[in-house]
Structures are given as structure tokens and as C-alpha cells.
């Protein structure tokens, strides 16, 4: 079995093992069984991460096309293939997924309701997310895209907070509407491009003959793909489902949602919209960047007035992902590299912020900022890590958030897209505003006198919480100090997308 397939389906194998074990050990102490389910899931996700490291070892940064690929007939009558692989765009997103999943399992250790089902959904969700990033067949991509919806719906709807059903249904309605539009576009592209779902082949055919799809149709196909991905990001004004989903989801659900699932939207824009429809992408870039900048400022301003820490972090995601969309549609190598880097940085920093909020919520069962104050003296290790992660999220140099935002702003300022300089200047205000709401939150939660007697007995992090949070803090520092470890791998693939938008693409090859 090849390394990509092994990585993709190892979590599903873990789910089967967990299910079989639950059947064979159906009798006994339920608390002991639940603990065993947790360990099985943790082992499965950890092994998946360790196996995925071999993808990085084998990856050749000098190749722009798909690597470590496997292409086999799947649905012969339709010309659909099981076509998986990685390139510089998807490589680190796969690693981000496998890296965050064991952390999410550790963050779920306190779950006591229906533990077996919870852990099963986590493992199925991981296979779906990895599958999205490794699929180079449109039908296969769509299948994995839809697979991610079901586990997340149940994670929010069953294990969420008071308004969990509302949030879960809203999440599914928004995402399904977008995915149905994408399905229509996939079918249309399939017929226009010679009855193939092969993303690499379609990219090459459209590059060689842009007239394959009539000009009057391209706009609507671009819009169908774009709306599906804008909702997933989510880009303003399609963002309203996100704060509800984050606030109601369990801690692990928020980590996965912010860290991985939202990146499917920005990844899809780079994988489909830009190389398939470069002329439409260029024509609509100023409009997309306008909404991205609105999202940056709007998300930051709304975050500033949130009384709930989790909702504050949720709106910060709207702001930070606006930077990513702006960088993608700047069409410069610097900005697009920055956008891809910001996807990774946001996954680490925002996932860690949600984990920090979850840790304190487990102790106090409240996320209201006004309920805290002065806990830095009581929980010094927790407060130190919360501080580092907050500083990384606001873009402090030598931490991961700075690299992505700096490259995006630099690349956007030099872009030839109309009004790009203005977008860069206005977008830079988002960096200032993020410092305002994050530092203000830290000041009110961590410093000052302990005014609430219920905080006086708070204990610092235990071993499990350290194992979950410390790797995220370490990665935030490593990505800030040594960005070329990551940027070098994506350079060739990002360049191929940039050249496709410019109308002079090289043929995208597949390396076996």
C-alpha cells in the first residue's frame, strides 16, 4: 500500500478496530471501557501522524506536480479514478491535519457521554479531511468533502453546548448549499473537458485550450466553485455560521474546525478556481479582495467587543482568514506563499487558542472574560503558553503569525491587481486591531487582582493538558524562526498556480 493511501485510511482502520473492540468487550466497567476507547483513538491518530512524516521525507521540493501518487480505475463507466497524491500546496495541510488530531483527542479526554461514538466520529473525520487534501480526482475530492460534514455535524449536535442543535443544523445547511453548487460545477467541467474528473488532466487541457469552456459559462462555474469555498472559509458575508459552530462545539470540535476544516475553503480556491478559470479569477480579484479586507476589519472589530473568549477567538478566525483570501487573489508568488503559510500558522495558533479556552472552561465552566482576572499568578505555566500563542496570533516577529501576514501584505502591495496597494494598507489595520483585542483579553484574564473568589483555587495544567498544548507552542516558535523549512516545499507548486493565472502555465506533471 502506498504512503498516501496508508495515511488517509489509517484513522478509518482505527475506527474499525475501536468498533470491533467495543463489540468484543461490550461488558464490564463502562468507565474503564471509555478510557480504553480514548487510548485506542489516541494511538490511531498518533500512528497516523508518525506515518505521515514519511511523506515529508519522500517529498521532492524541486517538483511542482503531484508526487507519491497512485492512480487506479474507480468508476470505469464515468472515467473516475482513485487518484491521490500530494504537491507543495497540499503537503503541509496533510501534516497539519495529522498533527492536530492527537492533540484534539487529548483535548477530548474529559468527554464522558457516548465516548465510543465520539471517538469513532473523530477517526472518520480525520480520514475525510486527509482525503480532501490528497484527492486529485474531482469526484473523489467531492466524496471526501462530504464525508467531513457528517462527523462534524454530530460532534457539534450531540456533544456541543446548549444551542448545539441550532449550530449544527446551521453549519450543515450552509455547507451543503455550497457543496451542491460545487457538484453542479464539477459535472459541467467533467463534460466540457472530455469526460474526465482528473484535476491534473483538466488543468492541462484548459491551459492548452482555454476555449474548451465557453466564456459565458466560465463565470457561473467559477462562481459555483467559489461560493462553495467562500462559505467553507468563511469569507464575509458568508461567515455567520462560524461563530455559532465554534461556540457550541466541544473544544476538540473547535480545534478541528478552525485548524483544518476552514482550510478546505482556501485550499479549494487554489486547487480549482485559479488554475481552472484564470481569466475569471483575474477579472473578479478586486471584488474578492474587497470582501476579504472587509472580513479582516469586520472580524477584528467584532472580536474586540466580545464578552466570551471563545466567540472572540471565533471572530478572529474570520479576520485572519481574510488575509489568506487576499493573499491568494493577489497573484504574486510572495502573497500566495504567505497565504499558504498563514493557513498553517492559523491552524496552529487558533487551534491552540481554542485549546487554552477549553482548559480554563473545564475548571470554571464559564468563558466570560469578566469572570476572570489575575489567574496568571495561579496558573503560571498555562498563562505563559496562552501569552505565547496570543502573541503568535497577533503576528509578533519570530512567531508563526508574523511570517504569513508579512508575506501577504508585501506580496499584495506589489500586486498588479487594481487597487492592490489600497487593499494591503487597509488590511494592515487588521494586524493592529488583532493586537488590540488579543492583548486586551490577556490583560483582563491574566493580570490584575483576583476579584472572583472562585478563581482563587485554580490549579495549573496537568500532564495531559501539557502534552496537548506544548507541541502547538513549539510549532508556533519553530514556524516563526525557521519558515524556509515549510516555504521551500511549496515554492514550485505555488509558482505553477501563479503562472496558470498569468496564462502561461507549464504542463503539470505527475511524479510516481
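For the stretch 248-346, the helices (runs of 4 or more DSSP H) that sit wholly inside it and include 3 or more residues that are surrounded by fewer than 22 Cβ atoms within 10 Å (Cβ to Cβ) are 278-304. The selection criterion, being at negative phi, surrounded by fewer than 18 Cβ atoms within 10 Å (Cβ to Cβ) and within 19 Å of the chain's Cα centre (by Cα), does not hold for residue 156. Picking from 413, 406, which residue would you name as being over 26 Å from residue 306 (Cα atoms), surrounded by fewer than 22 Cβ atoms within 10 Å (Cβ to Cβ) and without any contact (Cβ under 8 Å) to a residue 40 or more places away in the chain? None of the others qualify; the one that does is 413. Of everything in the stretch 475-512, what is at pLDDT 90 or above, in contact with a helix residue (DSSP H, G or I) (Cβ under 6 Å, 6 or more places away or on another chain) and farther than 16 Å from residue 338 by Cβ? Give them in sequence order. Hits for the stretch 475-512 are 475, 476.
Over 23 Å from residue 315 (Cβ atoms), crowded, with 20+ Cβ neighbours inside 10 Å, touching a helix residue (DSSP H, G or I) at 6+ places or on another chain (Cβ under 9 Å) and modelled with pLDDT of 90 or more: is that true of residue 468 in this structure? Steps first, answer last, please.
Working: over 23 Å from residue 315 (Cβ atoms): yes; crowded, with 20+ Cβ neighbours inside 10 Å: yes; touching a helix residue (DSSP H, G or I) at 6+ places or on another chain (Cβ under 9 Å): yes; modelled with pLDDT of 90 or more: yes.
Against the criterion (over 23 Å from residue 315 (Cβ atoms), crowded, with 20+ Cβ neighbours inside 10 Å, touching a helix residue (DSSP H, G or I) at 6+ places or on another chain (Cβ under 9 Å) and modelled with pLDDT of 90 or more), residue 468 qualifies.
Against the condition buried (at least 19 other Cβ atoms within 10 Å of the Cβ), in contact with a strand residue (DSSP E or B) (Cβ under 9 Å, 6 or more places away or on another chain) and either at positive phi or assigned to a helix (DSSP H, G or I) (or both), how does residue 68 come out, does it pass? In short, yes. Reported count of residues in the stretch 86-114, each being touching a residue at least 60 places away in the same chain (Cβ under 8 Å), under 26 Å from residue 491 (Cα atoms) and either over 12 Å from the mean Cα position of the chain (by Cα) or in a helix (DSSP H, G or I) (or both), is 13.
The values are calculated or read from the model by the stated rules, or taken from the named source; none is laboratory data. All figures in this text were calculated on a predicted structure; none of them were measured in a lab. Please note: Cβ atoms are built from the backbone with ideal geometry, for glycine as well, and neighbour counts cover all protein chains shown.
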